[in-house]
Amino acid sequence: MFPLMRNFIKMCILLCVGVFEILEHMKELGVTPDIDTLADYVLPRVSLADPQMAIRKLQDYGLSVSMVLSPVLAVLLKSGHIETAVKLCEYIL
């Protein structure tokens, strides 16, 4: 599924469409992004300065906390935001 998303994102970037608008179109089409799509294409383009807010916003597009938590943590850890990832885990627990 994520190669399709990659091509779609490239097209949408050219048209200046935001990642949340892409998620809205996916929701309308009945397509749910998988963990790889979230971690590789969606979350790197979303501000994770407040990861709890980002998770809530993703829930607005029909994604559950359990679906987005691991990709959010992965993106935070890959980008070196270890303390933020730890705080998020503490909040969730």
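List the aspartates and glutamates whose alpha-carbon lies under 18 Å from that of LYS27, not counting same-chain residues fewer than 8 positions away?
The reachable aspartates and glutamates, counting only those whose Cα sits under 18 Å from LYS27, are ASP36, ASP60.
Find how much the distance from SER47 to SER70 grows on full extension, using 0.36 nm per residue of separation minus their present alpha carbon separation; answer in nm with one decimal. List each step's numbers first, then the result.
Working: separation 23, 0.36 × 23 = 8.28 nm, distance 1.60 nm.
Result for the pair: 6.7 nm of gain on full extension.
Please work out the average accessible area per residue across the range 17-93, using the 1.4 Å probe convention, and give it in Å².
Details: 4490 Å² over 77 residues.
For the range 17-93, the solvent-accessible area averages 58 Å² per residue.
At what distance in nm do the modelled label points of ASP60 and VAL31 sit from each other, each positioned 7 Å from its Cα along Cα→Cβ?
2.2
Among THR32, PRO71, MET53, whose Cα lies farthest out toward the positive end of the dipole of the range 31-71, if unit charges sit on the beta carbon of Lys, Arg (+1) and Asp, Glu (-1)?
Toward the positive end, the furthest listed residue is MET53.
For the full complex of protein chains and a 1.4 angstrom probe, list THR37, THR84, THR32 by accessible area with the highest value first. All intermediate terms of the calculation are to be shown ahead of the outcome.
On the way: THR37 0, THR84 45, THR32 80 Å².
Largest to smallest exposure gives the sequence THR32, THR84, THR37.
The values are calculated or read from the model by the stated rules, or taken from the named source; none is laboratory data. Being a predicted model, the structure only gives us computed values, none of them experimental. Note that we place each Cβ from the backbone using ideal geometry, even for glycine, and neighbour counts take in every protein chain shown. Heavy atoms of the whole protein, side chains included, go into the accessibility calculation; ligands, DNA and RNA do not. Shrake-Rupley method; radii C 1.70, N 1.55, O 1.52, S 1.80 Å.
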